[in-house]
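I have placed the structure first, in the form of structure tokens, so that the comments after it can refer back to it.
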């Protein structure tokens, strides 16, 4: 939702279909085979819905499955890591930190993609295995939650990064806690730059919706629509409960 919020701000006239795989969260602890299955099912579902472009908002799937699946569908795919890496590489700094899930960190996708554009930029990668669960369980303001965030931030600051990328779309929910220990200007929410990149590319390819009226939006989840709606309200207010799409190939059965 942190990505959706930014994209919707820049492209209010587009029609949106959002799928949140709430049944299989968190992705950062899943195997490659599981992630491939989840992503393919979701992409096939969006293909049936006649999507012209798909925003791969999850850092973990961008890191693990994008290269293996990118040519299998009839729509544009925008993976968050590969899309923003060039912009990160062009920052006027010498050292950048990456906070992400274990799966993303173990793939070294951020480091590979950034250094592909700027081999001289030092990239420090630190996995935060508990952060997604802290957000999912609303524990960002509890003592245990604050300690878990502070521990990882202290570890990162020992390397003196000039900027730190919040390399999981859950992590902006922790900004209040993070900024209790470090200035907000230190952190990068890649969702903001990602939205600009998507808009520019759609424009160049002539895929922007030319309607002047506000676009439609339809939300689907694989479990817990009530919990999803409540959690999403931190960034975007849903007008109705998401529709529950069962976890079957192409999500074809709706309940």
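What follows draws every value from the coordinates through simple rules; no lab data is involved. Model, not experiment: these values are computed from the prediction. Here the Cβ is made from the backbone with ideal geometry for all residues, glycine too, and neighbour counts use every protein chain on show.
What to note about this one:
- Cα-based helix-to-principal-axis angle, 143-157 vs the chain, degrees rounded to 10: 70
- Normalised contact order of the range 90-189, rounded percent, pairs of Cα under 8 Å and 6 or more residues apart: 35
- For the chain, a Gaussian network of Cα nodes joined below 10 Å ranks 62, 160, 191 by mean-square fluctuation, and the top entry is 160.
- Ascending count of other beta-carbon atoms within 10 Å, so fewest first, for 92, 201: 92, 201
- C-alpha long axis of helix 80-89 to longest principal axis of the chain, angle in °: 40
- Between the Cα long axis of helix 190-204 and the first principal axis of the chain there is an angle of about 50°, rounded to the nearest 10.
- Global size of the range 150-255 as Cα Rg and Dmax, reported in angstrom: 18.6, 50
- For the range 60-126, Kirkwood radius (reciprocal of mean inverse C-alpha pair distance, Å): 12.5
- Choice from 163, 90, 44 with maximal GNM fluctuation in the chain (Cα, 10 Å cutoff): 90
- Taking the square roots of 5 times each eigenvalue of the Cα gyration tensor of the range 132-208, largest first, gives ellipsoid semi-axes of 30, 16, 8 Å.
- Whether the range 90-189 is rounded, prolate or oblate, judged on the alpha carbon gyration tensor where a/c under 1.5 counts as rounded: prolate
- Estimated from helical segments only, the mean residue ellipticity of the chain at 222 nm is -12000 deg cm²/dmol, where each DSSP H run of four or more residues counts as -39500 (n - 2.57).
- Diffusion of the chain by Stokes-Einstein, at 37 °C in a medium of 0.692 mPa s and with Rh set to the Kirkwood radius over alpha-carbon pairs, works out to 174 µm²/s.
- Each part reduced to its alpha carbon centroid, the range 1-36 and the range 139-166 end up 24 Å apart.
- Rough spin-label spacing in nm, given labels placed 7 Å along Cα→Cβ, for residue 176 and residue 116: 3.7
- Mean Cα-pair separation over length for the range 1-124, i.e. relative contact order, pairs under 8 Å, 6 or more apart, %: 24
- Choice from 151, 14, 136 showing the highest fluctuation, given a GNM over the chain with Cα pairs closer than 10 Å: 151
- Between the range 74-128 and the range 172-200, the C-alpha centres lie 14 angstrom from each other.
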